Structure formats: C-alpha cells, structure tokens
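**Q** Got a structure here, written out as structure tokens. Questions coming.
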Amino acid sequence: MTTPTVSVVIPVYNGVPWIAATLDSLTAQTLTDWEAIVVDDCSPDDVAALVAAWPDPRVRLIRMAANGGPVVARNRGVADARGRYVAGLDQDDLCRPDRFARQVAYLDAHPDIALVATQADQLVGTAVSPMRYAIRTTPALVRWMTWIENPLVWSSVMIRGSAARALDPFTRPDLLYAEDFDLYHRVTAHGGIARLDTPLLLYRQHAGGISKRFVATMEASATRVLTERHAAVLGSSSAAVAQLLIRYNMARLPVPDRATLVMLGQALTTLHAAYLADHRPDAADTALIAAETARRWRAICRTAVRYGTLTLADVTVASAPGILTIRPLALATSAAIGAVRRVRQTFAA
C-alpha cells in the first residue's frame, strides 16, 4: 500500500448537509496525492452511507463502535492516517484548491516547522468575508499569539505525520472544544508552528456549528490550556489571568471596570516580557509582536468604552507606551456611544 503525501482527517456527526461540499473541495485540490479519512461518530443521519458510496477511492470511511465525541473520533482517524503529513478538516469547512500544495511546499522547505496553518475566510450562507486574525504573521508571532489566544483555524492546519504520531494522545479529550489550542502548545516540542497568510480555507459559520453551541465548554477548556501554559511565569495567578485573556481578548466581552483592565494590562506586559526573554525574536519579529499585541489592546479598550463599562479616563490610566499603546482620540466615537449607553442604563435603573 502506497503512502500518500497528505492524510486529511474529518470527524463527522450528522454531516449530511455539509460533507458532500467538503469532499468536493478535496477533489478540486491541485495536489492529488491525498487520502481522506472520514470518521463517523455514530451519526443518526445518513452521512455514513453517503461517504461509503462516495465515488472517489481516496475517501475512506471509519465507523466508530460507540459515540465518543469529536476528539475521540479525530484521534481514531489520525491513528489510521498513512500520510507524510496530516491535515485537519471539519465536516462543514471548505478547502481552496491550492491549500494542500502550498502547505506541503512550505513544510518541505522548512524542516524546523512541525505545523503550518493558513489564513481563512468566513463563509456565512454564500457570503465570504475576512476573519479577524492577524493579517501578516511569522512563526515567532504565531507562537506568541498562542500565549494569549487561539490564533489558528483548526480546519486549516497541516502537521508532520511524525509529529502527529509522537503526540500521545494526538488531541486531549479532556480539553473538549479547545483541544486544537492545546495541541498548538504541545506540538512545539517537535518543531515550530507557522501560518500561510493567504486564506486557503473557507470556515463555515452556521447555527449548528460547535463554536456556536458549546461556548461555555470551549471557554473553560481554553482557560485551562492557558492556565497550564503560564503557570511557570505567573504562578498562582495563572488561572485568573487565563480567564481574563479568554473573556476579554478571545471572547471580546467588555471589561467591566478599571481594576480589571489594569490587571489585564499588567498580565499582558509580564507575559510579553517573558516571551521575549524565552525566545529572543529578532528586531523585525519583536516589532511585529508589539504591533499585533497593541492592536489587541486597542480592541479590548474600544469594546469596553463602546459598551459603556469603561471611560476614556479608565483606558488612559491602564495604558502605557509600547504594547499597551492607546490614542484616546481614536476612541472618541466609541466613547460617545458608551456615554449614551450609560445614560440609558441610569434611567432604566
């Protein structure tokens, strides 16, 4: 049996509305040496029959004996993967035609990189729009962003088969819906992580998607990932800081008060200094990391000011030159909206 260049692993559950378009996007790949391992997690719909009858022999179906959830199903598929590289893909997302070719070329040319993802566009119905990830990245920036958020779309990820097989388990079932975020930290023991800045994936958003239905579980698991990651740097405060990062940076909730914003700013500053000391990025990467972190800080402040939970004075006190740079005038419109909201809340009370 020949070894394909890429094994793409697709867990499915009630995937009839989506899986045909997803498999069609694989058929359209310019790199044709791939296998697709579709793992049916005991779906009550007819997705298994649909995949079993799929005319492309590169598509293989595995049926789980019992429903174990997406992490268990994905790990089962990876265990069967024969490819030199293993690609992630969810049942409802679509690959652009040159995704596999460009990721394989990158990994072939960068033996120090264990995992490469791509930028993604968002697909809502038939409308395609950019996602709010960093526009330009380097491996140093991507690794820093894993310290404060999940910077990659799982369905865009490709990992070396050797690294995938060295991870035990491949993804951790006890970190459901943030198992990919956890993997990005664990895989660095086997090489760097990177992202191609061209959107080579369409990330489908719909009411039945996991990111919409299991927000609380996802946030709890992501908080645990960052708590474990930062324990050595932050000690006993790592859990509290992880919760701040998940709620106000990743979930984009409005910071409720000045004290919380100050705490978050201090945590970002501490983590940023620790990352620079640990990894010693060059001048260009250091500047890119600072700029992207400052963009996150501005978004955090803008959200709170716009929702009326903080004032311009609050964000000015919590900000400082460098990665916490803020220009109060740039928040004038948000401040005006926030002031109106505060007045309405006062009268409503």
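**Q** Within region 24-56, work out how many residues are of a type outside the set (Phe, Trp, Tyr), outside any loop (DSSP other than H, G, I, E, B) and either in contact with a His (Cβ under 8 Å, 6 or more places away or on another chain) or closer than 23 Å to THR171 by Cα (or both).
**A** First, the residues of region 24-56 that are of a type outside the set (Phe, Trp, Tyr): 24-33, 35-53, 55-56.
When the remaining residues are screened for being outside any loop (DSSP other than H, G, I, E, B), the result is 24-27, 35-40, 47-52.
Filter once more, so that each one left must be either in contact with a His (Cβ under 8 Å, 6 or more places away or on another chain) or closer than 23 Å to THR171 by Cα (or both): 35-40.
Residues meeting the conditions: 6.
**Q** Can you tell me which of (1) under 19 Å from ALA164 (Cβ atoms); (2) not in a helix (DSSP H, G or I) is the one TYR133 doesn't meet?
**A** Here TYR133 meets the rest and fails (1).
**Q** Which number in (1) touching a residue at least 24 places away in the same chain (Cβ under 8 Å); (2) small (Gly, Ala, Ser); (3) not assigned by TED's automatic domain parsing to the domain that holds ALA120 marks the one condition that ALA194 misses?
**A** (3)
**Q** Could you identify the single residue in VAL47, VAL71, VAL59 that is of a type in the set (Val, Ile, Thr) and within 15 Å of VAL157 (Cβ to Cβ)?
**A** VAL71
**Q** Same structure, new question: At pLDDT 90 or above and within 18 Å of GLY265 (Cα to Cα): which single residue out of THR325, THR303 fits that description? Talk me through it step by step, then tell me what you get.
**A** Working: THR325 fails: at pLDDT 90 or above.
Only one candidate qualifies: THR303.
**Q** Please specify each residue of region 210-264 satisfying the condition of being in contact with a Pro (Cβ under 8 Å, 6 or more places away or on another chain) and over 25 Å from VAL317 (Cα atoms).
**A** Scanning region 210-264 gives a single hit, ILE210.
**Q** Further question on the same structure: Working only within region 50-73, note down all residues that are surrounded by fewer than 13 Cβ atoms within 10 Å (Cβ to Cβ) and small (Gly, Ala, Ser).
**A** If the condition is that a residue be surrounded by fewer than 13 Cβ atoms within 10 Å (Cβ to Cβ) and small (Gly, Ala, Ser), then ALA53, ALA65, ALA66 are the ones that fit.
**Q** Next question. State the number of residues belonging to region 239-251 that are buried (at least 18 other Cβ atoms within 10 Å of the Cβ) and over 18 Å from the mean Cα position of the chain (by Cα).
**A** Of the residues in that region, 1 qualify.
**Q** While we're on this one: Looking at (1) out of contact with any Leu (no Cβ under 9 Å at 6 or more places or on another chain); (2) farther than 20 Å from LEU175 by Cα; (3) without any contact (Cβ under 8 Å) to a residue 40 or more places away in the chain, can you tell me which one VAL59 breaks?
**A** Tallying (1) out of contact with any Leu (no Cβ under 9 Å at 6 or more places or on another chain); (2) farther than 20 Å from LEU175 by Cα; (3) without any contact (Cβ under 8 Å) to a residue 40 or more places away in the chain, VAL59 fails exactly one: (1).
**Q** When region 252-289 is examined, which residues are found to be hydrophobic (A, V, I, L, M, F, W, C) and surrounded by fewer than 18 Cβ atoms within 10 Å (Cβ to Cβ)?
**A** LEU253, ALA259, VAL262, MET263, ALA273, ALA274, LEU276, ALA277, ALA283, ALA284, ALA287
**Q** Filter region 1-18 for residues that are crowded, with 24+ Cβ neighbours inside 10 Å and among the β-branched types (Val, Ile, Thr) and give the result.
**A** Correct list: VAL6, VAL8, VAL9, ILE10, VAL12.
Residue by residue, here is whether (1) under 29 Å from ALA239 (Cα atoms); (2) free of Cβ contacts under 8 Å to residues at least 60 places away in the same chain holds:
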| site | (1), (2) |
| --- | --- |
| ASP98 | no, no |
| ASP121 | no, no |
| MET131 | yes, no |
| ALA140 | yes, no |
| ARG143 | yes, no |
| ILE148 | yes, no |
| VAL157 | yes, no |
| ALA163 | yes, yes |
| ALA178 | yes, yes |
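**Q** Only one of these is more than 14 Å from the chain's Cα centre (by Cα) and not assigned by TED's automatic domain parsing to the domain that holds THR32: THR138, THR126, THR188, THR217. Name it.
**A** Just one listed residue meets the conditions, THR217.
**Q** Looking at (1) surrounded by fewer than 15 Cβ atoms within 10 Å (Cβ to Cβ); (2) in contact (Cβ under 8 Å) with a residue 12 or more places away in the chain; (3) among the hydrophobic types (A, V, I, L, M, F, W, C); (4) assigned to a helix (DSSP H, G or I), which one does VAL78 not meet, given that it meets all the others?
**A** (1)
**Q** Tell me which of these ALA194 doesn't satisfy, since it passes every other one: (1) buried (at least 20 other Cβ atoms within 10 Å of the Cβ); (2) under 30 Å from THR311 (Cα atoms).
**A** (2)
**Q** Determine if region 266-288 includes at least one residue that is over 19 Å from THR137 (Cα atoms), outside any helix (DSSP H, G or I), touching a residue at least 24 places away in the same chain (Cβ under 8 Å) and outside the structural domain of ALA134 (by TED's automatic domain parsing).
**A** There is no residue in region 266-288 that is over 19 Å from THR137 (Cα atoms), outside any helix (DSSP H, G or I), touching a residue at least 24 places away in the same chain (Cβ under 8 Å) and outside the structural domain of ALA134 (by TED's automatic domain parsing).
**Q** So ALA134 ticks every box in (1) modelled with pLDDT of 95 or more; (2) surrounded by fewer than 21 Cβ atoms within 10 Å (Cβ to Cβ); (3) in contact with a helix residue (DSSP H, G or I) (Cβ under 6 Å, 6 or more places away or on another chain) but one. Which box is left unticked?
**A** Checking ALA134 against (1) modelled with pLDDT of 95 or more; (2) surrounded by fewer than 21 Cβ atoms within 10 Å (Cβ to Cβ); (3) in contact with a helix residue (DSSP H, G or I) (Cβ under 6 Å, 6 or more places away or on another chain), the one that fails is (1).
The values are calculated or read from the model by the stated rules, or taken from the named source; none is laboratory data. Since the model is a prediction, treat every value here as computed from it, not as a measurement. For neighbour counting, all protein chains shown are included, and Cβ atoms are generated from backbone atoms with ideal geometry for every residue, glycine included.
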